[in-house]
Amino acid sequence: MHTPLCGHAEGAPFEYAEHAIKMGLEEIGFSDHAPFVVRELPGITMKHEELPDYYRMIEEVRAKYQNQLRIKIAIEADFVPGYEDKTKALLDDYPYDYVIGSVHYIKNWGFDNPDERNKWDDQSINAVYCDYYELLRQSAESGLYDIIAHPDLVKKFGHRATEDILEEIEKTANTFKQCGVAIEINTSGLRKPVKEMYPALSNLKIYAKAGVPLTFGSDSHQPTDVGCDFDKALALAKEAGYTEYVLFKNRKIERTIKL
Ligand code: ZN
Ligand code: FE
């Protein structure tokens, strides 16, 4: 879940907490977009100097709701090859419950950014898919992350690989298992042009078979997103063959819960 600090989410953290209670959730986690390590990205991630405000803001809302809702303090950080040390330094500054790793960039191209959508026109979709999964594997191998975000985000605008990429997914799932990272079912894909969860059922089955731990995320950018479509996400998890999911605390799996 995000906060206004990233520049493209709305609503105060307490409003997200209120909506979570209304939806009957027992636990939520904030994971706003960490400062980008290459350059400033106004409107996309918080600034480096805003990180202390972010942490304090979530600590405050956690304290406020301590008798009604468990609130985890997390962060979503982009994976950029060559910037692993800088990213590690940034993530070591605060004690998070979990760190979500995400791939939103292929080289310098924000492939899921609506402002850069037309760049898809001069790419080979199959090549983009291969580059994307290669980066996902590298993000897991970096050891920087606990959970890999929206693991088929590359489909966001509806571009589909024409070649069979099953092998890519299998390779990725095995890498995730070896590296000990979890994935998420992220319901926000349903609110995007692709109108599909991240990841799709066919991919999720492969992650389940490989034994990659599962978490649930709404990727909320406004309070009413919190817990949205979690009924569908649960059904998807079961259909894929998952029998349990995990919660994180202090960057470790805290609890495994039966589905
Ligand atoms: Zn965002
Ligand atoms: Fe993301």
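From the set of residues in region 72-86 that are within 17 Å of the chain's Cα centre (by Cα) and of a type outside the set (Phe, Trp, Tyr), which is nearest to ligand 1 (Cβ to nearest atom)? Result: GLU76. Would you say VAL99 is open to solvent by less than 10 Å² (accessible area, probe 1.4 Å), more than 21 Å from GLN222 (Cα to Cα) and within 16 Å of ligand 2 (Cβ to nearest atom)? In short, no.
Can you find even one residue in region 30-37 that is away from ligand 2 (no atom under 16 Å from the Cβ) and open to solvent by 20 Å² or more (accessible area, probe 1.4 Å)? No: region 30-37 contains no residue that is away from ligand 2 (no atom under 16 Å from the Cβ) and open to solvent by 20 Å² or more (accessible area, probe 1.4 Å). Beta carbons closer than 8 Å, at least 6 apart along the sequence or on distinct chains, pair a first residue in region 152-168 that is over 13 Å from ILE125 (Cβ atoms) with a second that is of a type in the set (A, V, I, L, M) and within 14 Å of ligand 2 (Cβ to nearest atom) for LEU153/VAL103. Look at region 32-43: where a residue is more than 15 Å from GLU116 (Cβ to Cβ) and a partner is open to solvent by 60 Å² or more (accessible area, probe 1.4 Å) and within 16 Å of ligand 1 (Cβ to nearest atom), sitting 6+ places away or on another chain with Cβ atoms under 7 Å, you get PRO35/LYS47; GLU40/LYS47. Residues in region 87-117 that are under 21 Å from ASP131 (Cβ atoms) and aliphatic (A, V, I, L, M) were compared, and the one that is farthest from ligand 1 (Cβ to nearest atom) is ILE106. Confirm whether THR215 is of a type outside the set (Lys, Arg), touching a residue at least 60 places away in the same chain (Cβ under 8 Å) and within 23 Å of TYR16 (Cα to Cα). Yes, satisfied. All of TYR55, TYR16 fail the test of being surrounded by 14 or more Cβ atoms within 10 Å (Cβ to Cβ) and away from ligand 1 (no atom under 16 Å from the Cβ), apart from TYR55.
The set of residues in region 121-155 being of a type in the set (Asp, Glu) and within 12 Å of the chain's Cα centre (by Cα) consists of ASP146, ASP152.
The values are calculated or read from the model by the stated rules, or taken from the named source; none is laboratory data. Quantities reported herein were computed from a predicted structural model and do not represent experimental measurements. Because the Cβ atoms are built from the backbone with ideal geometry, glycine has one as well, and the counts that use them run over all protein chains shown. Calculation scope for accessible area: heavy atoms of the full protein, side chains included, ligands and nucleic acids excluded. Shrake-Rupley method; radii C 1.70, N 1.55, O 1.52, S 1.80 Å.
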